[in-house]
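*Asks:* Pasting a structure here, questions to come.
The values are calculated or read from the model by the stated rules, or taken from the named source; none is laboratory data. None of these values were measured; they are calculated from a predicted model. Virtual Cβ from ideal backbone geometry, glycine too; neighbours counted across all protein chains shown. Keep in mind that these areas ignore ligands, DNA and RNA; they rest on the heavy atoms of the full protein, side chains included. Shrake-Rupley method; radii C 1.70, N 1.55, O 1.52, S 1.80 Å.
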Amino acid sequence: MLVRIKGAISNCYLLLGNKPVLIDTGAPGDLPRILAALKAHQLEPKQLALILLTHGHSDHAGCAAELRARSGRPVALHAADAGLARTGQSGVLAVQTDLGRIIRPFVNEPFPAFEPDIVFREPFPLAPYGVQGNVVPTPGHTPGSCSVVLARGEAVIGDVLRGSMLWPNRARPHFFCNDPDLNARSIARLAREGLLRCHPGHFGSFPGSELGRFLSTADGEMLEFSEEPV
Ligand SMILES: [Zn+2]
Ligand SMILES: [Zn+2]
């Protein structure tokens, strides 16, 4: 089972496999929401098998240090974003959309720094942590962005794309993207999985078929990348 935990500005996800795994830790201040969600499923932080971060931005790594301190459980983050965790800074936020300019200060908020326990560069299976699925690097939004592709055809995709504020079941370009070309390749990587459902770091989930609208055309143009604001 996959449980969406709504933070102040972002989503965390609780994977309830043979063991529980938490994906992302919200923005600074989101800890009570996460603890309440764990409690609602009769879980304490120390029961988490793993705390996985989709990337090192403040609105996803914001409570990682506190959760690790409370749980004693390992926090995993891709090597390319480990520097963000070590400094407690979101780093470069390359604005993609007008709305991105407005929300930039919120994502730029400093967060408690920490040293990730597990620093990875390659895909790895979550089976040792009780979940049937794989962590797959999907860089572009940040250099160290990753997604969790679950065996049942769903994926938690961090900020590769976001959901829509107004339209259910629609994907939108994220407000920020460090490397749009690399991100497009990550979208293509996810599209090849034939996913049924994608769960983004912001707003609601959408069908895997939405990924197809964001694939590059033969001449390298994004099919859809300028529309605002929904
Ligand atoms: Zn982000
Ligand atoms: Zn985010």
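*Asks:* Does P116 count as surrounded by fewer than 17 Cβ atoms within 10 Å (Cβ to Cβ), in contact with a strand residue (DSSP E or B) (Cβ under 6 Å, 6 or more places away or on another chain) and on the phi < 0 side of the Ramachandran plot?
*Replies:* Considered against the rule, which asks whether it is surrounded by fewer than 17 Cβ atoms within 10 Å (Cβ to Cβ), in contact with a strand residue (DSSP E or B) (Cβ under 6 Å, 6 or more places away or on another chain) and on the phi < 0 side of the Ramachandran plot, P116 comes out as no.
*Asks:* Run Q42 past the list (1) on the phi > 0 side of the Ramachandran plot; (2) in contact with a helix residue (DSSP H, G or I) (Cβ under 7 Å, 6 or more places away or on another chain) and report the number of the one that doesn't hold.
*Replies:* Checking Q42 against (1) on the phi > 0 side of the Ramachandran plot; (2) in contact with a helix residue (DSSP H, G or I) (Cβ under 7 Å, 6 or more places away or on another chain), the one that fails is (2).
*Asks:* Could you please give the count of residues in segment 184-204 that are within 16 Å of ligand 2 (Cβ to nearest atom) and open to solvent by 30 Å² or more (accessible area, probe 1.4 Å)?
*Replies:* 1
*Asks:* Anything in segment 39-64 that is more than 17 Å from V156 (Cβ to Cβ), buried (at least 19 other Cβ atoms within 10 Å of the Cβ) and more than 16 Å from ligand 2 (Cβ to nearest atom)? List them, or say none.
*Replies:* Passing the criteria: only P45.
*Asks:* If you go through segment 160-179 one residue at a time, how many are more than 11 Å from ligand 1 (Cβ to nearest atom), among the hydrophobic types (A, V, I, L, M, F, W, C) and open to solvent by less than 10 Å² (accessible area, probe 1.4 Å)?
*Replies:* Residues flagged as more than 11 Å from ligand 1 (Cβ to nearest atom), among the hydrophobic types (A, V, I, L, M, F, W, C) and open to solvent by less than 10 Å² (accessible area, probe 1.4 Å) within segment 160-179 amount to 2.
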